[in-house]
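Here the structure comes first, spelled out in structure tokens, and everything after it is commentary.
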Amino acid sequence: MYNEDRAKLLGDTNAIKSREAQLELPHIAALTDFVVKLRNTMGPDAYIPYFDPWDGGIDAEVLFLLEAPGPKTWESGFVSRNNPDETAKNFFELNNEVGLDRKRTVIWNIVPWYIGTENKIRPANSDDIALGMKSIVELLRLLSNLKAIVLVGRKAQSAEKLVREIAEHLAIFKSPHPSPMFINRKPENRNKLREKWHEVKDYLDEK
């Protein structure tokens, strides 16, 4: 079923088509336009996936900022916790574990375009991040209900100073990255992520 919210759902082409049909829904249409304009600005060589319509869109209370789109976005076309990879699966499960409703969230990347080959992403460098941050300024204008930003992983956290300059009114959290490389390294690492995202949820609930 394509309306069943589960990990790795977007490994199914019919589920992708169903998600594509929702790109103009009221809560996501402005973010879809944002992606289209960014594609036009960056040119045909820049691959930039869409925001996920199943998330909160412009109504979101918290923005999760990761490093850059992963290889599986080539297949789904979305920055999504439903992508068919282990990092997305971990993101999906951990949000569910802490009870953070996805409609309160929106997911994006410090570098919004894919960097690397079709099969392997390369690490973002300082030039990538500086260029990507220009689009984050415009994005924050669209997210008028936002209360917090979570910088996920070291690369996203390297832009903390820039994020604070453009989002002075928002709470900034720093979180480890939900990649298998981090979570599987030590048994306690999954708990570290869960505790951090509990902090985020508690902050939103207090607000």
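The values are calculated or read from the model by the stated rules, or taken from the named source; none is laboratory data. These numbers come from a predicted model, not from an experiment. Keep in mind that these areas ignore ligands, DNA and RNA; they rest on the heavy atoms of the full protein, side chains included. Shrake-Rupley method; radii C 1.70, N 1.55, O 1.52, S 1.80 Å.
Structural remarks
- Residue-level accessible surface for GLU93, protein heavy atoms, 1.4 Å, Å²: 60
- Accessible area (Å², per residue) of segment 90-176, counting only protein heavy atoms and a probe of 1.4 Å: 48
- With all pairs of different C-alpha atoms in the average, the Kirkwood value for the hydrodynamic radius of the chain is 17.0 Å.
- Where both bridge residues fall in the chain, DSSP classifies roughly 5% of the beta bridges as antiparallel.
- Length available on full extension from ASP12 to ASN145: 0.36 nm per residue minus the Cα-Cα distance, which gives 44.7 nm.
- Within the accessible surface of the chain, defined with a 1.4 Å probe on protein heavy atoms only, the carbon and sulfur portion equals 50 percent.
- Rolling a 1.4 Å probe over the protein heavy atoms gives segment 1-81 an accessible area of 45 Å² per residue.
- Checking the Cα-Cα distances for LYS37/LYS161; LYS8/LYS155; LYS8/LYS161; LYS37/LYS72; LYS17/LYS196; LYS37/LYS186 against a 31 Å cut-off, the pairs over it are LYS8/LYS161; LYS17/LYS196; LYS37/LYS186.
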